[in-house]
Amino acid sequence: MSVLSRLDPAVARIIESERGRQVDSLEMIASENYASAAVLEATGSVFTNKYAEGYPGKRYYAGNQFSDELETLAIDRAKELFGVDHANVQPTSGAEANMAVYQAFVNPGDTIMGMELSQGGHLTHGSPVNYSGRLYNFVPYTVDRESEVIDMEQVRRLAMENRPRIIVAGATAYPRAIDFAAFGEIARESGALLMVDMSHIAGLVAGGAHATPAGHADVITTTTHKTLRGPRGALALCKAEHADALDRGVFPGTQGGPHLHSIAAKAVAFAEALKPEFKTYARQIVANAAALSAELQAGGLRLVSGGTDNHLLLLDCNSVGISGLKAQNALQGAGIITNRNTIPYDQRSAYVTSGLRMGTPALTSRGMKEDEMRRVGKWIVRVLKDPDGDGVREAVRAEVAEFARAYPVPGITDAE
Ligand SMILES: *Cc1c(COP(=O)(O)O)cnc(C)c1O
C-alpha cells in the first residue's frame, strides 16, 4: 500500500481511477502524451521543496548548489537538442512562455501578428478573452479558403501594412507543415521579430520529422508535455543577442520561483529526445497520422486541408452531418478520447464546432504503428456514421478496451 493510499485514500482513489482511464482508452488528444517513468519520478522529486528565484550562479536564496547544477544541465541539453544559442527552462507552461516573450520584446499596445484563433491559433496569440488580446494589438492572418493552408501572400501583405513588432508562427490545430523560412523572410522584410511557438510539434522538430525553426526564428517557445513527452511545462529558446531580454522577460518579468522539479523532469525528457530512438518515434508519429488520415478519408470523412503533414488531423464533421460536440461525445462513449475544434470558416460556435481534432503522439508512445491506426480509423468511422447507435458504441467500446490493454503505457504499465 502506498503512503498516499494510507494517508489520503480519497486522492489516491481518484489518481488510481485516472490511471485506469489512461490505460483503457485510446488517447487521441493531439496535445497529450505519456511521459516516461523517469520523467514522472523526477517530477515527483524533492526539488518540489526548493526556491531558486534567479538563474544559475545568480540566485536570491541560499542552498542552491544543486539547483544550479540541475538547471545548467537542463539548459545545456535543450541547446543541444534544438541547436540554439540560448535556452530558458523556467517557463511553467506554454501560456507563461509566450507572456514572457511579449513582456521581453514589446510594450502594451504594440502590434503583433498571429494566426486567427478559430483557424488553429492559440489563445495566447491574441484572443480577446486572454491577456494577449487585451494588452496587445493583434492582427490575425488566416488560411486560404480553398486550400485551408496558411496564406503566406496574405501574411506578407498584412506584415508590410501593419509593421508588427512580432510575428507569431505556430498553432494548436493546424495539420500542415509550417514554412518557418518563409515566415523568417517576411519578418526581416517588415522589421518584425519572428517568434515561433512550436508547442505542438516540438517533438517532431527534435526528432527531425518537421523542419526546425532554429536559424529562422529570433525566439522559439514550446511546451514540454506534448509531442516532446516531458513534464507539464515549457521552454523558451533564442539567438544569443536576445538572451538577456528573454531571461528578464521570464524572471522577474512574468514569473517568480522556477519549478525545479519540472526542470529536473525537463532535463530527463531532453536526454530521452536526444537518443536515436526518438527520431524513430517522431517519424512514426507522422507515419501513423498519415495512415489514420487515409483510413478516415476512405471511410468518407473530410479532413481539413485534405490530410496531414504532422501529428494531427482535423476532421470536418459536416461530412457525416454532425457537429464536433456530438462527434467528441460519441467517440468518448466508445473509449476514444479526442476534442472538438473549430474548422476554418466554421459556421458553428466555438462551443459546438464543426470539427474534431485528433492526434497520434500518445498512441505512438504505446508502440502502435500503421496497422493499428487503420483499425482505430475503422472504429472512428463506424461510430461517427452512427453517433446515436448505442449498440455500435457499446460494441466498439468493448473492442477498444480489449485492444488498448494489449499495448503497454509508458510510465504506467511499462516500467520505462
Ligand atoms: C498548448 C499550447 C500552448 C499553451 O500551453 P499551456 O502549457 O497549456 O499553457 C501555447 N501555444 C500553443 C501553440 C500550444 O499548442
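Structure values in brief
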read-out: Among residues of region 83-112, those that are in a helix (DSSP H, G or I) and either basic (Lys, Arg) or within 16 Å of the ligand (Cβ to nearest atom) (or both), counted; value: 10
read-out: ARG375 within 26 Å of ARG229 (Cβ to Cβ), surrounded by fewer than 23 Cβ atoms within 10 Å (Cβ to Cβ) and not polar (S, T, N, Q); value: yes
read-out: Qualifying residue in region 48-56 (condition: charged (D, E, K, R) and under 30 Å from SER132 (Cα atoms)); value: yes
read-out: Candidates ALA271, ALA206, filtered to the one that is surrounded by fewer than 24 Cβ atoms within 10 Å (Cβ to Cβ) and either more than 14 Å from the ligand (Cβ to nearest atom) or closer than 24 Å to ALA104 by Cβ (or both); value: ALA271
read-out: Test: residue in region 390-404 that is open to solvent by 60 Å² or more (accessible area, probe 1.4 Å) and assigned to a loop (DSSP other than H, G, I, E, B); value: no
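The values are calculated or read from the model by the stated rules, or taken from the named source; none is laboratory data. Fair warning: this is a prediction, and the values are worked out from it, not measured in the lab. In this analysis, Cβ positions are derived from the backbone assuming ideal geometry, glycine residues included, and neighbour counts consider all displayed protein chains. Surface areas here come from the heavy atoms of the whole protein model, side chains and all, with no ligands, DNA or RNA. Shrake-Rupley method; radii C 1.70, N 1.55, O 1.52, S 1.80 Å.
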